[in-house]
Amino acid sequence: MAIEIKVPAAGESITSANIAKWYKGNGETVKKGDKLVSLETDKVSNELEAEADGVLTITVGEGEEVGIGTVIGSLETNGDEPAPAPKVEAPKKEAEPGAAVDIVVPAAGESITSANVAQWRKKDGEFVEKGEILVTLETDKVSNELESPIAGILKVQVPEGEEVNIGTVIATVQPGSASAATPDAKPTPEPAEKKAAPAPAPKETAATSRPKPLSVVSTPPAKESGPSEVKEGRTTRRKMSMLRRKIATHLVNAQHTAAILTTFNEVDMTAIMGLRKQVQEDFVKKHGVKLGFMSFFVKAVTQALKDVPSINGRIEGNEVVENHFYDIGVAIGTEKGLIVPVLRDCDQKSFATVEQDILDYAEKGRSGNISMEDLTGGVFTISNGGVYGSLLSTPILNPPQSGILGMHTIQQRPIAVNGKVEIRPMMYLALSYDHRLVDGKEAVTFLIRIKDALENPHRMLLEL
């Protein structure tokens, strides 16, 4: 009797999952309770176990995205041979001696279905040692490198600049010595307009000869130039990076799916600047980090979310989902584009912990070590255009969130204080919000709460 292995429902309106990894091979005998497969959705990961002893048949390979309820394999529990050749095979146990080893784009999780061949580190026909870096891949969030699983001659099949699906064979390494390498190895082939990228090939070599799973590395980003760049008179045409395409799609979708409205105010930074100057030395001695402005804004936003809970929610279909936690995203600019890592449980963190988290994320963003988990799950976002000199802007929502706060540059401006004109360090604040869920009164109240907390930081420390 065959037991179907299906993708289970994951709740939260999740409609699909990615086959991240098969722990057992096609045709392999498994025991009840053995881990069979790891599934990843855009929110969570989970593993399926064998319901009984039997022989595993895989029908959907690693890297494929399938709908909830899809049959991805089966268990033959009577000990008979499994059904004939499945649609997609899982990795075999061993590669044949002397056979070329495929270099495959491995699954990257978080529903990522494709990657861009950013830069070949070795040339076509060149001899490579085991463990040498062969290629840099870019997904819509991070950069990754693949190493050579064996020593041999590299045969490149997909040139730089091409976007390919997870599971695609982009090269092979033929076992051999340096003497067999092609003299004056040529650069990797240029993409031809009429030549399509190789079709996805979920079939992989043995686990011992597969490239390492995608892992974010700390190398400089590959330049967007080379084979994918075409000069046309006084212009240059090049493909958008995956990250830039992702940002573009994300921002356009935000405009199309929410009724975005922005309200403005300004905050007098005198009290915060004075407090920082007064305690900075002692703060650094005790905590090892500087007391910056961002921790004040994170704590002010957290308090405002408690006071105006409608902004700490989102719309899903005809329902409103209200969050009872305070995970705040902080936008950080990198060489590749904007990333928004999330500070978890900000209501439970001290100013020092918030500052340390921000420093850690900034370093991970610069080095490329940011993980998918770091970028997901926020309920509200803070964007600081002021570090670039922005005086005023209207930030765009980060769906499905219902609010985003824009910080701006601090300017010395004349303002009226108790009937007198004084020069004060002033900052414009902008709150963009989803007007479908948040009314104007609530948005203005929220922004004033933030203003009051920043201008009276001692009250914020007491959560007043």
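The values are calculated or read from the model by the stated rules, or taken from the named source; none is laboratory data. These numbers were taken from a predicted model, which means no experiment stands behind them. Using ideal geometry, Cβ is built from the backbone for each residue, glycine included, and neighbour counts are taken over all protein chains shown.
Counting residues in segment 346-365 that are under 27 Å from the mean Cα position of the chain (by Cα), surrounded by 18 or more Cβ atoms within 10 Å (Cβ to Cβ), assigned by TED's automatic domain parsing to the domain that holds S390 and under 30 Å from I423 (Cα atoms) gives one or more.
Counting residues that are assigned by TED's automatic domain parsing to the domain that holds F446 and within 19 Å of L437 (Cα to Cα), which helices (runs of 4 or more DSSP H) fully inside segment 235-345 reach at least 3?
Details: elements: 242-257, 270-287, 294-307.
Counting at least 3 such residues, we get 242-257, 294-307.
For the list (1) in contact with a helix residue (DSSP H, G or I) (Cβ under 6 Å, 6 or more places away or on another chain); (2) among the hydroxyl-bearing types (S, T, Y); (3) modelled with pLDDT of 95 or more, I need the number of the one condition that T381 fails. It fails just one condition, (1).
The set of residues from segment 412-439 being of a type in the set (S, T, N, Q), in a strand (DSSP E or B) and exposed (fewer than 15 other Cβ atoms within 10 Å of the Cβ) comprises just one member, Q412.
Counting only residues that are modelled with pLDDT under 75 and buried (at least 17 other Cβ atoms within 10 Å of the Cβ), which one in segment 108-134 is nearest to L146 (Cα to Cα)? Per the criteria, the residue is A108. Of everything listed in (1) over 29 Å from E442 (Cβ atoms); (2) of a type outside the set (A, V, I, L, M, F, W, C); (3) out of contact with any helix residue (DSSP H, G or I) (no Cβ under 6 Å at 6 or more places or on another chain), the single unmet condition for E355 is (3). Answer with yes or no whether S350 is at negative phi and touching a Ser or Thr at 6+ places or on another chain (Cβ under 6 Å). Judged against the criteria, S350 is not a match.
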